[in-house]
């Protein structure tokens, strides 16, 4: 059962201003919600699930003490942010403040300068999880971590990778970062350059790195293309993946 | 001006069955359409554009002989496949038959086994263009190249990269391909393995490579993760990008 008021409240969480106000966000689907329940169920405030999800997971739901409500498929459609809702929606509490100290002598990390596309952002969080980047930094104007599309496209990686929104200059100063790499169109070839620990700045999908942040980059790098006449650029998330892969490879192989 | 009948006909092209029937597809937005006009305007059957697009591009439109119609923003919204239409929509003719011979002694290529997400597919076509892969192969059940979301996310790369839908076995036989790499969860480490020209099979987003096609793979490969406890997989397009990058790097650097 779900009341009209609850439906309205959950629908409101599709929008950032209401999420920030309530400090609540949504995570959906069988696989995702199971992963949250198993890894960190204390972030779940309340679950809304269809009868068959509850039937299949009754033991774990009862033993974890999570508050859950049985709803119909039609009610799930009303509250879901997905085109094809999948049995369960979790209303979750925001994470606490993210620790923003990273030891750049030991690790490399990413700074996303005004990333906008939720799918790209979520995919990059998933990438960070794969390669063991514990904290990602974003400019304050970047896409919201708690956007349902970001959460869904992390495929659960948001549970492990921390995201902090800070100006680039502050991160550099606070962490005393020496090497500031920047993904640009005319930098040094990533395959030929020695890539060591530092902060990798990735620009906005349409406009690249802002002028202000570009001035802080001391190692401009580029993924070489096979020809000068082809495509102008790669998708931002894909370029990030290729660069992170090359950093990882040079350090481990 | 656009008639109600034209609006209906263009809206129908949002769906594959009508596209296949008419052998027509849509490409939208100022940058995309300009690129088509400049590179291969003969594929354009007709343009529908707002007054300011026509005003800004009148010379090139007239000199190319493209048939164009002035429409209002409201009419553009009706025919567009985009959430935010951008001044111009081109109705284009399908490409002819794709030549499916690739010299695998000289090049490597991709086989997408049942790729489904249009954004992933378009991004992979853009990747292929960047690294000079001239032809991509797809299983017959894969996402349609002419899906408007695919076309838009190629950012114009669909003009240069050919896509052919064929069973894997047929490509291997026709081209006498010796090395069939497959992206799997437990294969040889891409950074440690010597990667040479061949066909790289990429699996479906949720299910990986089909059992049937997996039997044809003779070099299973894997992108190593930093730990066994993290995320289960990477986004399919991103994994493809990392693998293609590593093939390219080993051959050129």
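The values are calculated or read from the model by the stated rules, or taken from the named source; none is laboratory data. On a predicted model such as this, the values are computed, not experimentally measured, just so you know. So basically every Cβ, Gly included, is an ideal-geometry build from the backbone, and we count neighbours across all protein chains shown.
Details
- Qualifying positions in the range B:113-130 - within 11 Å of residue B:147 (Cα to Cα), surrounded by 24 or more Cβ atoms within 10 Å (Cβ to Cβ) and at the interface with chain A (Cβ under 9 Å from one of its Cβ atoms): B:122
- Residue within the range A:214-226 that is buried (at least 21 other Cβ atoms within 10 Å of the Cβ) and within 11 Å of another protein chain (Cβ to nearest Cβ) present: yes
- Residue check for residue A:84: buried (at least 16 other Cβ atoms within 10 Å of the Cβ) and either under 26 Å from the mean Cα position of the chain (by Cα) or under 17 Å from residue A:36 (Cα atoms) (or both): no
- Qualifying residue in the range A:57-79 (condition: under 18 Å from the mean Cα position of the chain (by Cα) and either modelled with pLDDT under 95 or outside any strand (DSSP E or B) (or both)): no
Rundown of residues vs (1) in contact with a helix residue (DSSP H, G or I) (Cβ under 8 Å, 6 or more places away or on another chain); (2) over 20 Å from residue B:158 (Cβ atoms), yes/no style:
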position	(1), (2)
B:1	no, yes
B:10	yes, no
B:16	no, no
B:25	yes, no
B:28	yes, no
B:35	yes, no
B:67	no, yes
B:74	no, yes
B:85	yes, no
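- On inspection, residue B:207 passes the criterion of being within 14 Å of another protein chain (Cβ to nearest Cβ), surrounded by fewer than 18 Cβ atoms within 10 Å (Cβ to Cβ) and over 28 Å from residue A:251 (Cα atoms).
- Residue in the range A:133-145 that is farthest from the other protein chains (Cβ to nearest Cβ), counting only those that are part of a loop (DSSP other than H, G, I, E, B), farther than 11 Å from residue A:121 by Cα and in contact (Cβ under 8 Å) with a residue 60 or more places away in the chain: A:139
- Some residue of the range A:51-74 being more than 14 Å from every other protein chain (Cβ to nearest Cβ) and closer than 29 Å to residue B:149 by Cα: yes
- Subset of the range A:239-253 (residues that are at the interface with another protein chain (Cβ under 10 Å from one of its Cβ atoms) and surrounded by fewer than 19 Cβ atoms within 10 Å (Cβ to Cβ)): A:250, A:252, A:253
- Only residues that are crowded, with 16+ Cβ neighbours inside 10 Å and either outside any strand (DSSP E or B) or within 14 Å of chain A (Cβ to nearest Cβ) (or both) were counted in the range B:168-192, giving 9.
- Filter result for residue A:236 (within 13 Å of chain B (Cβ to nearest Cβ) and either within 30 Å of residue A:36 (Cβ to Cβ) or crowded, with 18+ Cβ neighbours inside 10 Å (or both)): yes
- Residue within the range A:90-105 that is crowded, with 21+ Cβ neighbours inside 10 Å, within 12 Å of the chain's Cα centre (by Cα), outside any loop (DSSP other than H, G, I, E, B) and touching a residue at least 12 places away in the same chain (Cβ under 8 Å) present: no
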